[in-house]
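**Q** Next up is a structure, given as structure tokens.
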Amino acid sequence: MKKIKVTMYFPSNKITAPVTYHLIKDYNLMLNILNADVSLNKIGTLVVDIEGEEKDIEAGLEFVKSQGADYKVFSKSIIWQEESCVHCGACTAVCPSGALTMDKTDWNLTFDKEKCLVCELCVKACPLKVMCVRNGDKA
Amino acid sequence: MSYKSFDEINEKIKTGKAVVVTAEQMIDIVEEKGIRQAAKEVDVVTTGTFGPMCSSGAFINFGHSDPPIRMSKVWLNDVPAYAGVAAVDAYIGATELSESRGMEYGGAHVIEDLIAGKDVHLYAESYGTHCYPRKEISTYINKNNINQAFMFNPRNAYQNYNAASNSSEKIMYTYMGTLLPKCANVTYSTSGQLSPLLNDPLYRTIGIGTRIFMGGTQGYVAWEGTQHNPEQKRGENGVPLASAGTLSLIGDLKKMDTRFIRAAVFQQYGVTMFVGVGIPIPILDEDIAEKTAVRNRDIYTNIVDYSVSSGPKPVLKKVSYEELMSGSVDLNGKIIPSAPLSSMKKAREIAVTLRELIMAGEFFITQPISSLPLTNTVNKLEIREDGNR
């Protein structure tokens, strides 16, 4: 089993097939939608975790392309240098996915990598520069 | 009404009998036992805050070189320091930016590096005088080879501050953090019920000369802070409803700890410094006990629209810190996320550390030499064509 994070792009008016349905049913993939941005006459984006057998993932992504959509596998990740963090919470102001949150009992910052969209807003927002981008998917 | 004196409390601290609690613990004690009993039992309440405080800096005396120099311009790691004070004294301000690295490094970083014991490059120029012939110097200093290095912060520990949002269509990068367009977030900066001046709203025990915990060591309240605004509107509990009192603080940089002083950069705004401050409040009487039991739900501020850059910024909502700290606020029927900029975790660490120092008999309380003013308002800077020369 393998798990990857992918952004899919859907050009407006072009996609007619229920792509996620087919990925799940025909390719036996587990999809976890992390973010969806769909508006009229705009390229729609879908950020998903895809989990399944490697060959199924490959075939599934081929199917996405065949439908006129495009995709990009996440190659970067956000690294939280916790030992230098003061847990001020400034990064939580900009995190769109709830990956960065404050624990309301001990006021620790918590970082849920699974939810991270690697939008990099926290990298800019952190006053202590303890959030950084790492190339490659490994932590 | 029972009454304790500063001396009585210090005597208890000396003999290890003082009852010391944090401002958060005090809330529960008052809730459980009532104000009268709490005032009798508790001797000192400790507070804490750890937020970005721009109005900070340090005086340094470098010592004299041979031959000596009357430094007229000084750079520390390429950050300009103010040298218009005697021959080898300078003031490094926290928000000053590096001339070579811009916003990524500034005065606050120089201060943090000095506290950490690192070598800092000193470059100074002079026009040369008969008594100070040297015209240039380039060397390295650290906290062990300079004379005095004391932090002197003109405005710290703001008693309340507005929360920020942005109604415009564009993202804003401010000293209140990144403000998303269309009021998609709110930021605030406080330690709320743990904050020093919110626990002594009318400055009954915090005054000039008060010994405090500052940056990991003992410091003092030197004066009222700049922009001290005690006449701000207050609630029935005496707590100001917007930014009010401030403190000017002084402390020995050499004894500080980078756990409690941290340089910071706010995107596109610049450099600032997180300053850790804790102030002990002696429980002299019931009124003081009651004030130290203040809760986040009883402390209010305004959410202000930072997209308005001219004239007074419109108030979007009056809000309690309880609501802000819940993680979201209701703004005109829309639930939007609220995020802190001041570390509650560190504020607690400071209040707890100060409590332990007092209980160990290593930190004594001080009676102010003089009270902070209760009357004073803040002037605006007028743009005038002529002076009265």
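The values are calculated or read from the model by the stated rules, or taken from the named source; none is laboratory data. Quick caveat, the model's predicted, so the values are computed rather than measured. No Cβ is skipped: glycine too gets one built from the backbone with ideal geometry, and neighbour counts run over all protein chains shown. Note: areas computed on protein heavy atoms with side chains; ligands, DNA, RNA excluded. Shrake-Rupley method; radii C 1.70, N 1.55, O 1.52, S 1.80 Å.
**Q** Taking the Cα centre of region A:76-135 as origin, sum charge times position over the Cβ atoms of Lys and Arg (+1) and Asp and Glu (-1), and report the length of that vector in debye to the nearest 20. Present the calculation step by step, with values, prior to reporting the outcome.
**A** Numbers: 7 positive and 7 negative charges, 54 e Å.
It comes to approximately 260 debye.
**Q** Tell me the label-point distance for the pair residue A:3, residue A:37, using the 7 Å Cα-to-Cβ offset, in nm and rounded to one decimal.
**A** My value for the distance between the label points is 2.4 nm.
**Q** Taking θ as phi - 60°, what are the ³J(HN,Hα) couplings along region A:59-64 by the Karplus curve (6.51, -1.76, 1.60), each to the nearest whole Hz, with x for Gly and Pro?
**A** Running phi through 6.51 cos²θ - 1.76 cosθ + 1.60 with θ = phi - 60° gives 5, x, 5, 4, 4, 4 Hz.
**Q** Check residue B:329: other-chain or 5+ apart residues with amide H under 5 Å from its amide H, H built from backbone geometry?
**A** B:336, B:338
**Q** Moving on to the next point. Quick check for you: with a 1.4 Å probe and neighbouring chains kept, what is the accessible area per residue of the protein assembly as shown, in Å²? Spell out each step's value before the answer.
**A** On the way: 24680 Å² over 528 residues.
Result: 47 Å² of accessible area for each residue.
**Q** For the protein assembly as shown, which whole-number percentage of the solvent-accessible area (1.4 Å probe, protein heavy atoms only) is attributable to carbon and sulfur atoms? Intermediate results must be reported in sequence, preceding the final value.
**A** Values: 11980 of 24680 Å².
In the protein assembly as shown, the share of accessible area belonging to carbon and sulfur is 49 percent.
**Q** Using Cβ-Cβ distances only, list the Cys residues of the protein assembly as shown with no partner cysteine under 4.7 Å, sorted by number.
**A** If one checks each Cβ against the other cysteines of the protein assembly as shown, A:85, A:88, A:95, A:116, A:119, A:126, A:132, B:54, B:131, B:183 turn up with nothing under 4.7 Å.
**Q** Follow-up question, since we're still on this one. For residue B:241, what is the net charge nearby, where nearby means another residue's Cβ is under 9 Å from its Cβ and Lys, Arg count +1, Asp, Glu -1?
**A** +3
**Q** Of the listed peptides B:369-382, B:90-103, what is their order by residue-averaged count of other C-beta atoms within 10 Å, with the highest listed first?
**A** The packing order, highest mean first, is B:90-103, B:369-382.
**Q** Then there is this: In bins 10 Å wide, starting from 0, what share of all Cα pairs of the protein assembly as shown does each bin hold, as a percent?
**A** Reading upward from the zero bin: 4, 16, 23, 22, 16, 10, 6, 2, 0.
**Q** Can you tell me the dipole magnitude for the protein assembly as shown around its Cα centre, using point charges on the Cβ only (Lys, Arg +1; Asp, Glu -1), in Debye to the nearest 20?
**A** That gives a dipole near 600 debye.
**Q** Oh, and also: What ranking do A:97-107, B:199-209 get when scored by the average of other Cβ atoms within 10 Å per residue, highest first?
**A** Top to bottom by mean Cβ count within 10 Å: B:199-209, A:97-107.
**Q** Mind telling me which of B:168, B:138, B:343 comes out most flexible in a GNM of chain B, alpha-carbon contacts under 10 Å?
**A** B:138
**Q** Classify chain B as rounded, prolate or oblate, taking a ≥ b ≥ c as the square roots of the eigenvalues of its Cα gyration tensor: rounded when a/c is under 1.5, otherwise prolate if a/b is larger than b/c and oblate if not.
**A** Oblate, because a/c is 1.5 or more while a/b does not exceed b/c.
**Q** Rounded to whole Å, give me the distance from the Cα center of region B:186-206 to that of region B:226-267.
**A** So the separation of the two Cα centres works out to 9 Å.
**Q** Next up: Of the residues A:116, A:88, A:126, which exhibits the maximal mean-square fluctuation in a Gaussian network model of chain A defined by a 10 Å Cα contact cut-off?
**A** A:88
**Q** So, one more: Rounded, prolate or oblate: which fits region A:2-73, taking a ≥ b ≥ c as square roots of the Cα gyration tensor eigenvalues, rounded meaning a/c under 1.5, else prolate when a/b beats b/c?
**A** It is prolate, given that a/c is not under 1.5 and a/b is the larger ratio.
**Q** If you take the square roots of the eigenvalues of the alpha-carbon gyration tensor of region B:181-289 and sort them as a ≥ b ≥ c, do you get rounded (a/c under 1.5), prolate (a/b over b/c) or oblate?
**A** Working: a/c = 1.98, a/b = 1.10, b/c = 1.80.
Note, shape of region B:181-289 comes out oblate.
**Q** Roughly how big is chain B's charge dipole about its Cα centre, with Cβ charges of +1 (Lys, Arg) and -1 (Asp, Glu), in debye to the nearest 20?
**A** Around 280 debye, computed over chain B.
**Q** Okay, next question. Tally Lys and Arg at +1 and Asp and Glu at -1 over the other residues with C-beta under 11 Å from the C-beta of residue B:205: what net charge comes out? List each step's numbers first, then the result.
**A** Numbers: positive: B:204, B:291; negative: B:200, B:285, B:287.
Taking every other residue near residue B:205 into account, the sum is -1.
**Q** Just to check I understand the Karplus step: with θ = phi - 60° and J = 6.51 cos²θ - 1.76 cosθ + 1.60, what whole-Hz values come out for region B:116-126, glycine and proline as x?
**A** My calculation for region B:116-126 gives 6, x, 6, 6, 10, 6, 10, 10, 9, 10, 8 Hz in order.
**Q** Kindly identify residues of region B:326-340 having a loss of at least 20 Å² in accessible area between the isolated chain and the assembly of all protein chains, probe radius 1.4 Å.
**A** B:339, B:340
**Q** Shifting gears a bit: What does the charge add up to near residue B:371, with Lys and Arg as +1, Asp and Glu as -1, over the other residues with Cβ less than 14 Å from its Cβ? Provide the component values of the computation, followed by the final result.
**A** Details: positive: B:204; negative: B:200, B:224.
Taking every Cβ under 14 Å from that of residue B:371, the sum is -1.
**Q** Between region B:96-147 and region A:1-20, what's the alpha-carbon centroid distance in Å?
**A** Region B:96-147 and region A:1-20 have Cα centres spaced 56 Å from each other.
**Q** Something else about it: Which FRET efficiency value, to the nearest 0.05, do you get for residue A:83 and residue B:19 by plugging their Cβ-Cβ distance into 1/(1 + (r/R0)^6) with R0 = 45 Å?
**A** Efficiency, rounded to the nearest 0.05: 0.80.
**Q** Follow-up. I'd like the FRET efficiency for residue B:268 and residue B:381, computed as 1/(1 + (r/R0)^6) with the beta carbon distance as r and R0 of 25 Å, rounded to 0.05.
**A** Details: r = 23 Å, r/R0 = 0.94.
It comes out at approximately 0.60.
**Q** Counting only other chains, and only Cβ atoms inside 10 Å, what mean value do you get across the residues of A:123-130?
**A** 6
**Q** Same structure, new question: For residue B:182 and residue A:20, what does the FRET efficiency come to when R0 = 22 Å and r is the distance between their Cβ atoms, rounded to the nearest 0.05?
**A** 0.15
**Q** Using modelled amide H (1.01 Å from N, peptide plane; none on Pro or chain starts), what sits under 5 Å from the amide H of residue B:234, excluding residues fewer than 5 places away?
**A** Residues meeting the criterion, in which the H sits 1.01 Å from N, are B:241.
**Q** Let me ask something additional. From the backbone phi of region B:247-254, what are the Karplus-calculated ³J(HN,Hα) couplings (6.51 cos²θ - 1.76 cosθ + 1.60, θ = phi - 60°) in whole Hz, Gly and Pro given as x?
**A** My calculation for region B:247-254 gives 10, 9, 10, 9, x, 7, 4, 4 Hz in order.
**Q** Next question, about the same structure. Please work out the C-alpha center-to-center distance from region A:49-64 to region B:349-389 and express it in whole Å.
**A** Region A:49-64 and region B:349-389 have Cα centres spaced 62 Å from each other.
**Q** Amide H neighbours of residue A:44 under 5 Å, at least 5 residues apart or on other chains, H built in the peptide plane: list them.
**A** For residue A:44, the qualifying residues are A:10, A:12.
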